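Trainee: Please read through the structure below; I'll follow up with questions.
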Amino acid sequence: MICEKIDLYGDHRVMLYTYIQRWTTVPGHYPRRGGVVVLPGGAYRFHGVSEGEPVAAAFAAAGYNAYLLRYSIAPHAAFPNSAADACRALKLIRSRAGEWNQDPDKLALCGFSAGGHVAACAGTMWNRADLRAASGCQGAEGKPNALILGYPGITVDIEGEGDMYRLLAGDRS
C-alpha cells in the first residue's frame, strides 16, 4: 500500500492522506481501481476521528484506492474553500492516476455531516466560477463521478445550525 501525506496548498492547512492499493494477482500487472475520497464531519470546526481513517481503511480493505481529505475548517471554512479543497484533491488524484493505478473516471466523494455538505457542494457546484477559481480547476478534473453522503448537513434547521451558516458565510467570530 502506498501511504502518503500531501499538503494541498503548502501551508499544512489542507491535507490529503492516501491509501493506494499495491497488490496484484498477476505479477507486474496492477489493475486500475476506483477511488473514494473520505470527508469526515465536525461542523466545520474539527475533523471527526471515527468518520475519517476508519472509513478510508474500510474502503481500502474492500479493494478501492482510498483517500482521506482534511479540508478547510474554521477559521478558513467560508464558502467556497472546503468544496474547493475537495475539487483540488480530485484534480491531484487524477493527475497522478497512472502512478497510483487510479481509474480517473471512477472517483467518489464520501462525506459525513459537514463533510457530506462539502461533498454535496463539490458534486453539484464544481463548475461555478468561484469554486473553479479557488480550486485551480479549469475543466471537469474537479468533478466527482459519484457522491456518498452520510447524514450530510444539507437539510438542517437554520435556526438550530446558525453557527455553521455564519461560518460558511465568512463570519469568523
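The values are calculated or read from the model by the stated rules, or taken from the named source; none is laboratory data. These numbers were taken from a predicted model, which means no experiment stands behind them. Backbone-built Cβ (ideal geometry, glycine too); neighbour counts: all protein chains shown. We work out accessible area using only protein heavy atoms, side chains counted, and drop any ligands, DNA or RNA first. Shrake-Rupley method; radii C 1.70, N 1.55, O 1.52, S 1.80 Å.
Trainee: Look through the stretch 16-65, keep the residues that are in contact (Cβ under 8 Å) with a residue 40 or more places away in the chain and among the aromatic types (Phe, Trp, Tyr), and return whichever of them is least open to solvent (accessible area, probe 1.4 Å).
Mentor: Looking at the filtered set, the residue picked out is Tyr44.
Trainee: Could you count how many residues in the stretch 1-15 are open to solvent by less than 50 Å² (accessible area, probe 1.4 Å) and more than 23 Å from Ala74 (Cα to Cα)?
Mentor: Looking only at that region, the number is 1.
Trainee: With the condition kept exactly as written, say whether any residue in the stretch 105-113 is farther than 21 Å from Pro54 by Cα and open to solvent by less than 40 Å² (accessible area, probe 1.4 Å).
Mentor: Within the stretch 105-113, none of the residues are farther than 21 Å from Pro54 by Cα and open to solvent by less than 40 Å² (accessible area, probe 1.4 Å).
Trainee: A further question on this structure: Among the numbered criteria (1) open to solvent by 10 Å² or more (accessible area, probe 1.4 Å); (2) within 11 Å of the chain's Cα centre (by Cα), which one does Ser95 miss?
Mentor: Against the list (1) open to solvent by 10 Å² or more (accessible area, probe 1.4 Å); (2) within 11 Å of the chain's Cα centre (by Cα), Ser95 comes up short only on (2).
Trainee: Just to confirm my filter: which helices (runs of 4 or more DSSP H) fall fully inside the stretch 55-173 and include at least 3 residues that are at pLDDT 95 or above and closer than 19 Å to Glu4 by Cα?
Mentor: 81-95
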